[in-house]
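Participant: This is the structure I want to talk about, given as C-alpha cells.
Only the coordinates and a few stated rules stand behind these numbers; no lab work does. Predicted model, so just to flag it, every value in this text is computed and none were measured. Backbone-built Cβ (ideal geometry, glycine too); neighbour counts: all protein chains shown.
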Amino acid sequence: MAWLITKLSTLFSMKDLGPLSYFLGVEATYVGHNLHLTQSKYALDLLERTKFKDAKPISTPVSTGQKLSAYVGEPYKHPEQYRSVVGALQYLTITRPNLSYAVNQVCQFMHSPKDTHWMAVKRILRYLKATYDHGLVYKPGDMQLHAFSDADYAGNPDTRHSTRGFCIYLGSNLVSWSSKKQKTVSRSSTEAEYRQLAYTAAKLSWFRSLFKDLHLHLLLPHIWCDNVSSIALASNPVFHSRTKHLEVDYHYVREKVVRKQLLIHFICSQDQLADLFTKGLSSSRFKLLVSKLPVVSRPVSLLGAVRPSPSYKNPAHV
C-alpha cells in the first residue's frame, strides 16, 4: 500500500489525512480487525429535513407483498419534495442494502408520483428512524466468491416485468447487491430466474477479472438459486430446443458451467438471501435475512455512554 501511495503521489497532488473516518456521508469505524460502514449523520439529517425525527418507528421498510402501481392514487401535490427525498434514500443504499427493494419501488415513479407512493416513502423513513445507525460490517475472511440469485416473476402490476435481485459475498462480506426491474417481460418463472442467473454470472465474472488484475487468486465462484428448472437448464442441453428465446443467456451461463468457471447450486426458498431484494417480506423473515447480510447497528461502545437521539447532530466523528 505504501508503494501504491508513492506511485500515485508522482502523478497526483496528494495529502495523507490519516485513517479514514468520514467521506461523502459515509462513516468508517474500526473495531479490532472489523470495519463498520454507516451513514448515521446523513440519515439523521434526512429525518430532520423531512420532519420525521419524532415519527413512530416501524420494523420493515415495505409492507408484506406490497406492489406499487402508477395508476392507483391521486397525484402527489409536492413532486419536487418526493424526488428530493427519494434521491436521498437512494444514496443511503450505499451502506443499507436492506433498503434496496423498497427504494427501487419508489424510484420508479419519480416522473409522476401519487399519494400512495408518498405513503410508501414515509414508511421507509419510519423504518429509517428505527435503524438510522445501522450499516455494513466487514471482517477478514477467505477469498471465496458466492452469490444468491432470485427473481419475483411478473411482480410489476402494470407491466408484468419481473423484479430481479442478487447479492454477492466475498467470504462472509457483502460486496455487491442489486434490486431492479427486468427490462423485458418473461414468459415463465424459469425464464425470469434464468435471466437473473445470467446477470449474476456476469457480475461474478467481472469480480474475477478485477481480482485477476490485482494479482489475487479467487476460488471457483458459486451461485445459489431456488429455481430447479433454471439449474437444470444450465447443465442440461436437452432443454435448449424449448428455450430459443433465451439463447444468449443460455449459452453464457452454460459456457461458464462447462468450462468449470462457475458452480450453480440449489437452495430452498426459505434460505434464499436474495428474497430481500425482490419482494416485501414479513417482519420476522426480513429481520432474519438482514442479519445475514450483515447489516448491524454500530457498536454501542463507539457511541459513548449514552446512545444519541435522532436530534444528535454529529455522530460521524469517532
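Participant: Which pairs in the list Lys183/Lys279; Lys53/Lys287; Lys181/Lys279; Lys15/Lys41; Lys139/Lys181 are over 20 Å apart, alpha-carbon to alpha-carbon?
Facilitator: Over 20 Å apart, Cα to Cα: Lys53/Lys287; Lys15/Lys41; Lys139/Lys181.
Participant: What net charge is computed for the residues neighbouring Leu8, neighbours being all others with C-beta under 13 Å from the C-beta of Leu8, Lys and Arg scored +1, Asp and Glu -1?
Facilitator: So the surrounding residues net to +1.
Participant: Something else: Might you report the magnitude of the Cβ-based charge dipole of the chain about its Cα centre, with Lys and Arg at +1 and Asp and Glu at -1, to the nearest 20 debye?
Facilitator: Dipole size: approximately 300 debye.
Participant: Moving on to the next point. In the Gaussian network model of the chain, springs joining C-alpha atoms below 10 Å, which of Val257, Val295, Val72 carries the largest mean-square fluctuation?
Facilitator: Among Val257, Val295, Val72, the largest mean-square fluctuation in the Gaussian network model of the chain belongs to Val72.
Participant: Can you pull the Rg over Rh of the chain, Cα-only, Kirkwood?
Facilitator: 1.00
Participant: Each label point is 7 Å from the Cα along the Cα-to-Cβ direction; what then is the distance between the points at Leu24 and Met119, in nm?
Facilitator: So the two model labels end up 3.6 nm from each other.
Participant: Calculate how large, on average over all directions, the projected area of the Cα convex hull of the range 79-120 is; give the answer in nm² to one decimal.
Facilitator: Averaged projected area of the range 79-120's Cα convex hull equals 2.6 nm².
Participant: Hey, another quick one. Using alpha carbon coordinates only, what is the Rg to Rh ratio of the range 142-274, with Rh defined as the Kirkwood radius?
Facilitator: The Rg/Rh ratio comes out at 0.97.
Participant: Ranking request for peptides 86-96, 195-205: highest mean number of other beta-carbon atoms within 10 Å first, then the rest in descending order.
Facilitator: Descending packing order for the listed peptides: 195-205, 86-96.
Participant: I'd like to know which of Gly18, Ser205, Ala234 lies farthest towards the positive end of the charge dipole of the chain, counting +1 on Cβ of Lys and Arg and -1 on Cβ of Asp and Glu.
Facilitator: Gly18
Participant: Under a point-charge model restricted to the Cβ atoms of Lys and Arg (+1) and Asp and Glu (-1), what is the dipole moment magnitude of the range 142-274 relative to its Cα centre, in debye to the nearest 20?
Facilitator: I would put it at about 420 debye.
Participant: Now for a separate question. Taking neighbour Cβ counts within 10 Å as the exposure measure, how do Val175, Val290 sort from fewest upward?
Facilitator: With the sparsest Cβ surroundings first, the list reads Val175, Val290.
Participant: As a test of the formula, what do you get for the chain when each DSSP H run with n ≥ 4 contributes -39,500 (n - 2.57) and the sum is divided by the residue count, at 222 nm and rounded to the nearest 500 deg cm²/dmol?
Facilitator: -11000 deg cm²/dmol
Participant: Then there is this: Any aspartates and glutamates with Cα under 12 Å of the Lys122 Cα? List them, leaving off those in the same chain fewer than 8 positions away.
Facilitator: Leaving aside aspartates and glutamates fewer than 8 places away in the same chain, none come within reach of Lys122.
Participant: Related question: Hey, could you get me the Stokes-Einstein D for the range 54-114, Kirkwood radius over alpha-carbon pairs, 10 °C and 1.306 mPa s, rounded to whole µm² s⁻¹?
Facilitator: This corresponds to a translational diffusion coefficient of 125 µm²/s.
Participant: In the neighborhood of Ala234, defined by Cβ-to-Cβ distances under 11 Å, what is the net charge if each Lys or Arg adds +1 and each Asp or Glu adds -1?
Facilitator: -1
Participant: If you don't mind, another one. Counting only DSSP beta bridges with both residues in the range 142-274, tell me the antiparallel percent, nearest 5.
Facilitator: 65
Participant: If r is the Cβ-Cβ distance from Gln66 to Leu219 and R0 is 51 Å, what FRET efficiency results, to the nearest 0.05?
Facilitator: With R0 = 51 Å, the Cβ-Cβ based efficiency is 0.85.
Participant: May I ask you to sort Arg254, Arg298 by Cβ crowding, counting other Cβ atoms within 10 Å and putting the fewest first?
Facilitator: Exposure proxy ranking, most exposed first: Arg254, Arg298.
Participant: Taking the number of other C-beta atoms within 10 Å as the exposure measure, put Leu11, Leu136 in order starting with the fewest.
Facilitator: Leu11, Leu136
Participant: Hey, with R₀ at 45 Å, roughly what FRET efficiency would Leu8 and Arg160 work out to, going by the Cβ-Cβ distance, to 0.05?
Facilitator: About 0.35, to the nearest 0.05.
Participant: Now for a separate question. Grab the Cα-Cα distance for Gln270 and Ala202, subtract it from 0.36 nm times how many residues apart they are, and report the gain in nm with one decimal.
Facilitator: Full-extension gain reported as 22.0 nm.
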